[in-house]
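Working notes, beginning with the structure itself.
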Amino acid sequence: MEHIRACVVGATGYAGIEACRLVLAHPTLELTMVTDRKQAGERLDAVYPQLAGACDLEFSLPEPDAIAAAADVAFLAVPHTASLALTPALLERGVTVLDLSADYRLHDPAVYEAWYNTPHTSPELLSRTVYGLPELFRDGLAALAKRRAAGEAVLVAVPGCYPTATALAAAPALRAGLATGDLVIADAISGVSGAGRSCTARTHFCHANESVEAYGVGHHRHTPEIEQTLTELAGHEMSVVFTPHLAPLTRGLLSTVYLEAAEGVTAEDVQAAYERAYANEPLVTTLPAGTMPATASVAATARAQVGVALDDRRRRTIVASCAIDNLGKGAAAQAVQCANVVLGLPETAGLLAAAPLI
């Protein structure tokens, strides 16, 4: 098959360099351009020596004309608002966009503006965008694939890491009607790389090492994204109490959700529903009853593992945990998975590696 040219915008960041690594190893995608405003003209392997001998590209400025000349598809590993400035121009020039930022994830521009404190400058694109969590919204991605095959440049909003793990943990219970009520409680723990490459007081080694803390309690920006997804899964309005935590891990994310069990639901019902939901998903595994996931089991992969239990005491509660790599299934690997679908490639192309054993 002919190679499909790919550009990674924001390639010096952790999600960006992970996207570069995956594209370089991909059987069909070809990394033809990397961009970074601050390090334009410098070689990629000078910033990340791990790629010495694998890539000799230099960083370019993220100019739409240059990207369109060099690439068929662009992975935007950029902060919010940066995609707003670039995505419309890329689509106009025929470049399909996989946006890893939050700029096109929320359906309602007013919700985006309220949580991100900035106007949404291209709300007309929201109705054309598909939320890129393939296991839950594959039909939407397949529709984009048809549009692209007909000659249209398309846009995928790649989910955030916390929303991905939380949705995969909650989805089978919500879709099977095993949970009742309109509330999901989600406790999630992320490694430090989830905060990005720029160091802050919270992510400095001396602060983060040997310590776990909650942050963004009650106002984390992933909250409306999680609520939007859970509402779509449940078929009715859902609320979420979401508490993220920072742990002294380089990479990895674990989200545990709590849902009130419907009357008469048994532990066997719950386990069976989760096994059915992910039985044919090559990148999501439901663990055996009594086993819960660990971040080390999915580190540096596109994979997710889910474990579930029923606490059947006074308030009968479904407890489901999902482990992902925050830079893998939570960012770059999920973007590549979505790209595979939209580009008409095997969904798991370049993504089937297992986690390191030690």
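Brief remarks follow.
- In region 272-296, residue least open to solvent (accessible area, probe 1.4 Å) [restricted to those that are of a type in the set (S, T, N, Q) and part of a strand (DSSP E or B)]: T286
- Close contacts from region 106-131, counting a first residue that is more than 23 Å from T164 (Cα to Cα) and a second that is modelled with pLDDT of 95 or more and of a type in the set (A, V, I, L, M), with Cβ to Cβ under 6 Å and a gap of 6+ residues or different chains, come to T121/L84.
- Breaking point among (1) among the small types (G, A, S); (2) within 26 Å of S198 (Cβ to Cβ); (3) in contact with a strand residue (DSSP E or B) (Cβ under 9 Å, 6 or more places away or on another chain), for A70: (2)
- Check on L61, in contact with a strand residue (DSSP E or B) (Cβ under 8 Å, 6 or more places away or on another chain), open to solvent by 60 Å² or more (accessible area, probe 1.4 Å) and closer than 27 Å to V154 by Cα: yes
- Counting the residues of region 79-90 that are touching a residue at least 60 places away in the same chain (Cβ under 8 Å) and in contact with a strand residue (DSSP E or B) (Cβ under 6 Å, 6 or more places away or on another chain) gives 2.
- The set of residues in region 181-210 being surrounded by fewer than 19 Cβ atoms within 10 Å (Cβ to Cβ), touching a strand residue (DSSP E or B) at 6+ places or on another chain (Cβ under 8 Å) and over 30 Å from A110 (Cβ atoms) consists of T203 alone.
Conditions (1) among the small types (G, A, S); (2) surrounded by fewer than 16 Cβ atoms within 10 Å (Cβ to Cβ); (3) under 15 Å from T164 (Cα atoms); (4) modelled with pLDDT of 95 or more, marked per residue:
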| site | (1), (2), (3), (4) |
| --- | --- |
| Y258 | no, no, no, yes |
| A302 | yes, no, yes, yes |
| C322 | no, no, yes, yes |
| N340 | no, no, no, yes |
| P346 | no, yes, no, yes |
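- The one condition in (1) touching a Leu at 6+ places or on another chain (Cβ under 7 Å); (2) outside any helix (DSSP H, G or I); (3) surrounded by fewer than 20 Cβ atoms within 10 Å (Cβ to Cβ) that D269 fails to fulfil: (2)
- Taken over region 90-108, the residue count meeting the criterion of being out of contact with any Asp or Glu (no Cβ under 8 Å at 6 or more places or on another chain), in a loop (DSSP other than H, G, I, E, B) and either among the hydrophobic types (A, V, I, L, M, F, W, C) or open to solvent by less than 10 Å² (accessible area, probe 1.4 Å) (or both) is 4.
- Look at region 19-48: where a residue is β-branched (V, I, T) and a partner is open to solvent by 60 Å² or more (accessible area, probe 1.4 Å), sitting 6+ places away or on another chain with Cβ atoms under 7 Å, you get T28/M1; T28/H3; T32/R5; T35/L61.
- Taken together, the residues in region 1-16 that are closer than 27 Å to E347 by Cβ and touching a strand residue (DSSP E or B) at 6+ places or on another chain (Cβ under 8 Å) amount to 10.
- Once region 109-129 is narrowed to residues that are open to solvent by 70 Å² or more (accessible area, probe 1.4 Å) and not in a helix (DSSP H, G or I), the residue that is farthest from A68 (Cα to Cα) is N117.
- Region 227-261 - residue that is under 20 Å from the mean Cα position of the chain (by Cα) and charged (D, E, K, R) and, of those, farthest from A296 (Cα to Cα): E232
The values are calculated or read from the model by the stated rules, or taken from the named source; none is laboratory data. Since the structure is predicted, the reported quantities are computational estimates derived from the model, not experimental observations. No Cβ is skipped: glycine too gets one built from the backbone with ideal geometry, and neighbour counts run over all protein chains shown. The area values use the complete protein model at the heavy-atom level, side chains included, leaving out ligands, DNA and RNA. Shrake-Rupley method; radii C 1.70, N 1.55, O 1.52, S 1.80 Å.
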